[in-house]
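Taking it in order: structure first as structure tokens, then the write-up.
The values are calculated or read from the model by the stated rules, or taken from the named source; none is laboratory data. Everything numeric in this text was worked out from a predicted model, so none of it was measured. No Cβ is skipped: glycine too gets one built from the backbone with ideal geometry, and neighbour counts run over all protein chains shown. Accessible surface areas use protein heavy atoms only, side chains included; no ligands, DNA or RNA. Shrake-Rupley method; radii C 1.70, N 1.55, O 1.52, S 1.80 Å.
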Amino acid sequence: MTILSAAGVVFLKDIVHSALMLALSFIGVAGLYVLLNADFLAAVQILVYGGAVAILIAFGVMLTRRRNMKESNPNNRWVIYASFVSAAFFAICGWALIGTDFKPVGQQVNPEAAVEGLASLLLGDYVVAFESAAVLLLVALVGAIILAKGAKEA
């Protein structure tokens, strides 16, 4: 499901349908996290990236000025090149997976301890980097709104 919906993001010509396929791809990745017993990461994947896709759809509809909304994804002319790059990427990933000697894990990780450790790292040792990333994302969002507003008035 994840790979097919990711391919749908590339191959669909309607920007809204591409964004919906992106949401489906993120849900598939969250499902993979659940299979790896990383429930917290699965929930964060759905909440954070689900919200990002909703914002992406809103910006895609607001900022796309095309008469025919079905042809609103202008990057689809690169689909042949993207297919070759994707095939090469999957070949390299497959080669790496086949060549890796996976060893079994000795003990099961307690999910509550994993979340607690992640929270203490994010709000302790890495709080400056965490808050800097939040400020950077806020500045990028405000900049995108200013650029979109300026392009609309011009």
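Of all residues in region 7-26, exactly one satisfies the criterion of being crowded, with 19+ Cβ neighbours inside 10 Å and β-branched (Val, Ile, Thr), namely Ile15. Listed by first and then second residue, the pairs with beta-carbon distance under 6 Å, at least 6 apart or on different chains, first residue in region 44-55 and touching a residue at least 24 places away in the same chain (Cβ under 8 Å), second loosely packed, with under 12 Cβ neighbours inside 10 Å and not acidic (Asp, Glu), form an empty list.
Across region 8-40, the number of residues qualifying as under 19 Å from Ala52 (Cα atoms) and assigned to a helix (DSSP H, G or I) comes to 22.
Out of Val44, Val53, one residue alone is open to solvent by less than 70 Å² (accessible area, probe 1.4 Å) and at pLDDT 85 or above. It is Val44. Among the residues of region 59-76, is there at least one that is at pLDDT 75 or above, part of a helix (DSSP H, G or I) and open to solvent by 90 Å² or more (accessible area, probe 1.4 Å)? No - not one qualifying residue is present in region 59-76. Residue check: is Ser86 closer than 30 Å to Gly8 by Cα, at pLDDT below 90 and polar (S, T, N, Q)? In short, yes.
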